[in-house]
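Working notes, structure below.
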Amino acid sequence: MPYFNGEASHWLAASPAEPLTPSPLPAEKQDLVIVGGGLTGLWSAYCARRAHPDWEITIIEARHIGYGASGRNGGWLSTLLPGNRAKYAEAVDRVLKSDPTGPVASAGLDGIASVRAFQSALFDSIDEVLEVCETEGIDAHQVRGGHIDVAQSEAGMSRLRELFEGNAQFGYGPEDMQFLDAEETRAHINVDQAQGSIHFPGTAAVDPALLSRGLARVLRDQGVTICEDTSAGHIGKGVVATNRGPVRGETIFVCLEGYSDTVSGNLPGLEGRQVIPVFSSMIATEPLPAEAWEDIGWAGRECLGDTAHTFIYAQRTADDRIALGGRGAPYAYRSGLPGDGEVPAEVVELLRTRLSSLFPDLEFDIAHAWRGALGVTRDWCAGIFFDPEQRIGVARGYAGHGVTATHLAAKTLLDRASGEATPLTGLPWNDHFSGQWEPEPIRWLGIRSMYRIFGIADEWERITGAKRTSLLAQFGSRLAGLHE
């Protein structure tokens, strides 16, 4: 059966926006100019409007609201921290020794305590996002069913135990995660060969396009100018050059994530090749009949992940589809961008096979396939930066864990711009330097090889019935910078 391929995403296609009529560029100097109409930019404008009702605020977006990762993601408003927790902790401990006056050191926390504070702030952000949706009348099909990471093998169970221990070390309490046995797991979602899982009740499922467009509607009603179909070019102190003319601003936030390389300037956190676009692909099924859901369960609309090295992420949508994503064809040579998101046929088939491995008796048709670009740093850690001389702030590098982190990033950028030390300016992603990506073709070969290694490791564990993570997968994780 034919399916839609591309068109940005199923989420965006299912809730089409009004015909695009670009707002006039503001002639007067703005208090805040935001480059990027994704969730970081939208939340930055929302938080700024709440804190400074008199500010003039403009968002500049090259295509339309939510066109990038914010309208294409899996819809997990999750507890997942954007980065490698051990690397954050190590970096904080180094800073405490070498730069005791910086923003991170001002919090007075060691590495592990700093990451625990980071995790707590993410928990709070989920509450705050859901509260904003309720207060502002944003229907993003949000439901707080938590998320479940399921193990289908003994090696997967060993990784679950390691994850549970690591989470406890870095800020999860008993109320934030529960270990489920095979029967308890299947009572939530009847995944084939499920041996156990961890349930994280704090996560909520959302429709990311409805969330992005709902925020944009609220901002327009509050007097924020949103200039869609407006491409930013060079960004410097006090001014953003666009294809429609300059926009002047007292403070500028650059919120482009995987599209960060589309602008130029001396931008903090983006010098050299610190961020590249890595693709994640998704499929959405046609709506499933009631009898299928009787077999699967999934009544709580939990977000669903697994413990494979080539992991998946999924949700049951409000209209009874399964939307499932993974990392097939993860990178284009010389950091190419995904355009409107067309997915290679072999990747669609890979995702179809992964869905069938979860529910082998399920008959389904694919309705839509798409892909988007994540902003990924060399150590897979996010970073928040602010240059007080230029008054330019940058948020980047969520590596696929951005739906919650964008809200926290927006609040952190505003605190950094205020010049005041706050609990948020002391979190470990402030000024976190991740290093530079290797030049091409080493970068392309390395990323493709990493995912190939993970695929081989998954197959090896399946064939051999391995009880622990293979040495090959451990090597791949260390090569990628993912090992904690």
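State whether segment 4-105 is rounded, prolate or oblate according to the following rule on the C-alpha gyration tensor (a ≥ b ≥ c being the square roots of its eigenvalues): a/c under 1.5 gives rounded; otherwise a/b larger than b/c gives prolate, and the remaining case gives oblate. Can you show the working numbers first?
Values: a/c = 3.02, a/b = 1.39, b/c = 2.18.
Here segment 4-105 falls in the oblate category.
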Item to check | Charge tally in the Cβ shell below 13 Å around His368, where Lys, Arg are +1 and Asp, Glu are -1, His368 excluded | outcome: -2
Checklist outcome for this item: When the charge dipole of the chain is computed with +1 at the Cβ of Lys and Arg and -1 at the Cβ of Asp and Glu, the Cα pointing farthest to the positive end, of Ala232, Leu288, Leu122, is that of Ala232
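Could you tell me the calculated FRET efficiency between Leu362 and Glu175, based on Cβ-Cβ distance and R0 = 35 angstrom, to the nearest 0.05? Please report the intermediate quantities before stating the final value.
Values: r = 33 Å, r/R0 = 0.94.
FRET efficiency, Leu362 to Glu175: 0.60.
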Next on the checklist: Less than 18 Å from a label point 7 Å out along the Cα-to-Cβ axis of Glu154: which backbone N atoms in segment 184-216 qualify, by residue?
Outcome noted: 193-197
Checklist outcome for this item: For Ile138, the net charge from surrounding residues (Cβ-Cβ under 11 Å; K, R +1; D, E -1) works out to -3
Checklist entry - For the chain, what is the percent of antiparallel DSSP beta bridges, rounded to the nearest 5? => result 65
Next on the checklist: Can you compute the FRET efficiency between Glu459 and Glu420 using 1/(1 + (r/R0)^6), with r the Cβ-Cβ distance and R0 = 41 Å? Round to the nearest 0.05.
Outcome noted: 0.20
Item to check | Pairwise label distance in nanometres, Phe4 with Asp319, each label 7 Å out on the Cα-Cβ vector | outcome: 0.8
Checklist outcome for this item: Non-local residues with an amide H under 5 Å from the amide H of Phe253, with H modelled 1.01 Å from N and Pro and chain starts lacking one, are Val33, Ile34, Val35, Gly393
Item to check | Using θ = phi - 60° and Karplus 6.51 cos²θ - 1.76 cosθ + 1.60, couplings along segment 440-446 (whole Hz; Gly, Pro as x) | outcome: 6, x, 4, 4, 4, 4, x
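Okay, helix-only estimate at 222 nm for the chain: each DSSP H run of n ≥ 4 adds -39500 (n - 2.57), divide by all residues, round to 500 deg cm²/dmol; what do you get?
Details: 12 runs with 166 residues, N = 484.
Helix-only estimate at 222 nm: -11000 deg cm²/dmol.
Does segment 9-57 classify as rounded, prolate or oblate by the C-alpha gyration tensor (a ≥ b ≥ c root eigenvalues; a/c under 1.5 gives rounded; else a/b over b/c gives prolate, otherwise oblate)? Write out the running numbers ahead of the final one.
Values: a/c = 2.80, a/b = 1.62, b/c = 1.72.
The shape class here is oblate.
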Next on the checklist: Skipping prolines and chain starts, which residues have an amide H placed within reach, meaning under 5 Å, of the one on Val376, given they are 5 or more residues away or on another chain?
Outcome noted: Ile276, Val278
Item to check | Pairwise centroid distance, computed over Cα atoms, of segment 31-99 with segment 375-390, Å | outcome: 10
Item to check | Lysine pairs meeting the criterion (Cα under 24 Å, 8 or more apart or interchain), as found in the chain | outcome: 5
Next on the checklist: Give me the net charge for the shell around Lys467: Cβ to Cβ below 10 angstrom, other residues only, Lys and Arg +1, Asp and Glu -1.
Outcome noted: -1
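Once fully extended, how much extra length lies between Asp139 and Ala182, figured as 0.36 nm per residue of separation less the alpha-carbon to alpha-carbon distance?
Extending this stretch completely gives an extra 12.1 nm.
Expressed in nm to one decimal, what extension gain is obtained for the pair Arg161 and Asp93 from 0.36 nm per residue of sequence separation less their Cα-Cα distance?
Fully extending the segment from Arg161 to Asp93 adds 21.8 nm.
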Item to check | Whether segment 292-448 is rounded, prolate or oblate, judged on the alpha carbon gyration tensor where a/c under 1.5 counts as rounded | outcome: oblate
Checklist entry - To the nearest 20 debye, what charge dipole does the chain have about its Cα centre, counting +1 at the Cβ of each Lys and Arg and -1 at the Cβ of each Asp and Glu? => result 1460
Item to check | Net charge dipole size for segment 325-484 [Lys, Arg +1 and Asp, Glu -1 on Cβ; Debye, nearest 20] | outcome: 340
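Where a number appears in this text, it was derived from the coordinates with a stated rule and is not lab data. Please read these numbers as outputs of a predicted model, since none were measured by experiment. In this analysis, Cβ positions are derived from the backbone assuming ideal geometry, glycine residues included, and neighbour counts consider all displayed protein chains.
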